[in-house]
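The values are calculated or read from the model by the stated rules, or taken from the named source; none is laboratory data. Keep in mind it's a predicted model, so treat the numbers as computed, not measured. Every residue, glycine among them, receives a Cβ derived from its backbone with ideal geometry; neighbour counts consider all protein chains shown. When the accessible area is computed, the model is the full protein with side chains, heavy atoms only, and any ligands, DNA or RNA have been set aside. Shrake-Rupley method; radii C 1.70, N 1.55, O 1.52, S 1.80 Å.
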Amino acid sequence: MMRHDSLVIAGKTFSSRFLLGTGRYPNPFVQNEAIKAAEAEILTFAIRRVNLESPDEDAILQHLDSDAFTYLPNTSGASNAEEAVRIARLAKASGISDWIKVEISANEKTLLPDPIETLKATEILVKEGFTVLPYTSDDPVLAKRLEEAGAAAVMPGGSPIGTGLGILNPYNIGLIVEEANVPIIVDAGLGSASDVTMAMELGVDGVLMNTPVAKAKDPVQMARAMKLAIDAGRMSYKAGRIPKKPYATASSQYESLIVK
């Protein structure tokens, strides 16, 4: 059953629900081995880290087989919609991708997304024909507004980027999933396989992460663990867990144990 449980974004079908970042690995070899272990098909990276004049020769991209992946460049470093739109246009003009992860931070300390500027950039880029996946807060109302603006998927953070705090507000993530008509991908804040499983059991369609894999003591092993956690969480969600109850229920009925 799970073999046919594909992720579809903007009409494109993926067998993996693991979106992986390409920064902060100890070296390109470890990065590529982690990508293989994750079985990721969508890779993200900051456009500001790429040499746009020669993207094929860039240190980030030259070690990757561009035909094997969908690139999701991000606008990390942008502080407003204007900057994010400019970065996205540069990425498209350089031939890297017309998919873009809108990432606009309101504060350098928390790196929390700016909701107003994120919505504004999404509206502009959608009209220009980009496939837009905005990184946003776990606000159900904002997530719906981004969907209505034409986002191909919405990516709420579980907690602030790089904190590893996990899903701080599962209730909100659940509401976002319940109301969504586009894929919901948890982006930011996850730290362990248990965090990933929780996210998937809430019904999200996938997870995007970088730091938890790249900065692990063994990035390749962690990538594999995260991949398995995604599969397990998705399977658990699809199977349907038992309802939570305040009191115990015996597995076997006591009456059946009475000898008459």
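Can you tell me the accessible area per residue over region 65-192, all protein chains present, probe 1.4 angstrom, in square angstrom?
On the way: 5430 Å² over 128 residues.
Value returned for region 65-192: 42 Å² of accessible area per residue.
Give the carbon-plus-sulfur fraction of the accessible surface of the chain in %, rounded to a whole number; probe 1.4 Å, heavy atoms of protein chains only.
52
Dipole magnitude of region 121-260 about its Cα centre, charges +1 at Lys/Arg Cβ and -1 at Asp/Glu Cβ only, in debye to the nearest 20?
Roughly 600 debye for region 121-260.
Using a cut-off of 11 Å between beta-carbons, work out the net charge of the residues near residue 175 (Lys and Arg +1, Asp and Glu -1, residue 175 not included).
-3
If you place +1 on the Cβ of every Lys and Arg, -1 on the Cβ of every Asp and Glu, and leave all else neutral, what size is the dipole of the chain about its Cα centre, to the nearest 20 Debye?
800
Can you give me the angle between helix 115-127 and the longest principal axis of the chain, using Cα atoms only, in degrees from 0 to 90, rounded to the nearest 10?
Between the helix axis and the principal axis of the chain, the angle is about 70 degrees.
Cut-off 10 angstrom, C-alpha nodes, Gaussian network model of the chain. Which of 239, 88, 106 fluctuates the most?
239
For the chain, take the longest principal axis of its alpha carbons; what is the angle in degrees between that and the long axis of helix 28-38, to the nearest 10 within 0 to 90?
With both axes taken from Cα atoms, the answer is about 40 degrees.
Dipole size in debye (nearest 20) for region 87-175 around its Cα centre, Lys and Arg Cβ +1, Asp and Glu Cβ -1?
140
Answer with one residue from 113, 93, 80: the one whose Cα lies farthest towards the positive end of the charge dipole of region 70-179, charges on Cβ with Lys, Arg +1 and Asp, Glu -1.
After comparing all options, I get 93.
Taking the chain as the reference, fit the longest principal axis to its C-alpha atoms, fit the long axis of helix 81-93 to the helix C-alpha atoms, and give the angle between the two in degrees, 0 to 90, nearest 10.
Value to nearest ten degrees: 80.
For region 127-246, what is the relative contact order in percent, using Cα pairs closer than 8 Å and at least 6 residues apart in sequence?
Normalised by residue count, the contact order of region 127-246 is 21 percent.
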